[in-house]
1. Just report the Cα centroid separation between the range 342-364 and the range 251-284, whole Å.
2. Could you tell me the distance between the Cα centroids of the range 20-34 and the range 92-133, to the nearest Å?
3. Compute the long axis of helix 271-281 from its Cα atoms, compare it with the longest principal axis of the Cα atoms of the chain, and write down the angle in degrees, 0 to 90, nearest 10.
4. Give me the percent of DSSP beta bridges within the chain that run antiparallel, rounded to the nearest 5.
5. For a paramagnetic label modelled at 7 Å from the Cα of residue 339 toward its Cβ, which residues of the range 188-214 fall within the zone defined by backbone nitrogen distances under 15 Å?
6. Please give the residues of the range 183-219, grouped as numeric ranges, whose backbone N is less than 13 Å from a label point set 7 Å along the Cα-to-Cβ vector of residue 289.
7. If you take the beta carbon distance between residue 147 and residue 167 as r and set R0 to 41 Å, what does 1/(1 + (r/R0)^6) give as a FRET efficiency, to the nearest 0.05?
8. Between residue 154 and residue 398, take the C-beta separation as r, use R0 = 35 Å, and let me know the FRET efficiency to the nearest 0.05.
């Protein structure tokens, strides 16, 4: 069995270290429902297709793109759009492809300013193992222990209060569902997407309680080794391979794109990948600004920053970038308002702590030995994929 707990990490300030490279693993922006949850009255997202990034979601991601442009320049890793010193890779869904395009537009002024890479195999049924992972057959999820649901009774009550307004109090309580955590998580995220798309202005305290139910589902189903290794092991090993390449370290276990002339790499995926990476690293991020700890809101990103010390050693610091609740509901949010959270992981509890790159390499090799890693990155392509312009539902009313 693979032991995920990393050895005790010595904390070290990166103030005197030289930044070498950064990898931004981002969730897509605000999207429509992938499917309409049952039992309650939900908004009609037409003309937006199910699971698509909205026009508002695209605009919000451009704010993040401008933020990254300013931030990475400030630490000595400029996103030089003219020399194309930035690598961008996206999953094959409309929401991840458009998120990548919006990041480029925000950072460079035009969505076509940088190549956007993706798996060369596109079309119905195509899947990218970098994002999908090497999944194992999974048995049907068992109902969670009733004690766990009872432990979070206040959060379920907050969620139920918001849901009752969706059906005038006539719908059954979520806690009566066969799997209240899974069902509650779906409902909570749906409410958050409404809010972030400038729909009803729900009570923020109740929304926070609902989102704690959403995070609980990740704790139960995504962070444990069985799930996080299968879903995120392949991506994690290739992230480490990119870091090794920039550090000049051989990485025979995986192949990666040539990023030797790049300062930053963006990987546009889903909350599934962020949850899996969090589980692999036992990482936690204490979000503020009305958002709950360990949540992965639309556009949220786990950032791996590679530094070289004065002694020539390489260390990695993790950060989590995200938009605030107020920014989600704004038409013209300022990129200067993007929030940064420290990321605490096994043995690393200081606000600016970092860990030796070698520790990440050791963990990646362990995942390779366990069979969770496919050696090749993917057969990638930067061929344009035709996408319809993002749209908004009629009930979108942003500040």
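Since every read-out is calculated from the coordinates, none of them should be taken as a lab result. It should be emphasised that the depicted structure is a prediction, and the values quoted were computed from it without experimental measurement. Here Cβ is always computed from backbone atoms with ideal geometry, including for glycine, and neighbour counts include all displayed protein chains.
1. Computed from Cα coordinates, the inter-centre distance equals 15 Å.
2. 10 Å
3. Between helix and principal axis, roughly 60 degrees.
4. On the way: 27 of 39 bridges.
Bridges in the chain are about 70 percent antiparallel.
5. 196, 204-212
6. Output list for this probe position: empty.
7. On the way: r = 28 Å, r/R0 = 0.69.
Rounded to the nearest 0.05, the efficiency is 0.90.
8. Computed FRET efficiency for residue 154 and residue 398: 0.70.
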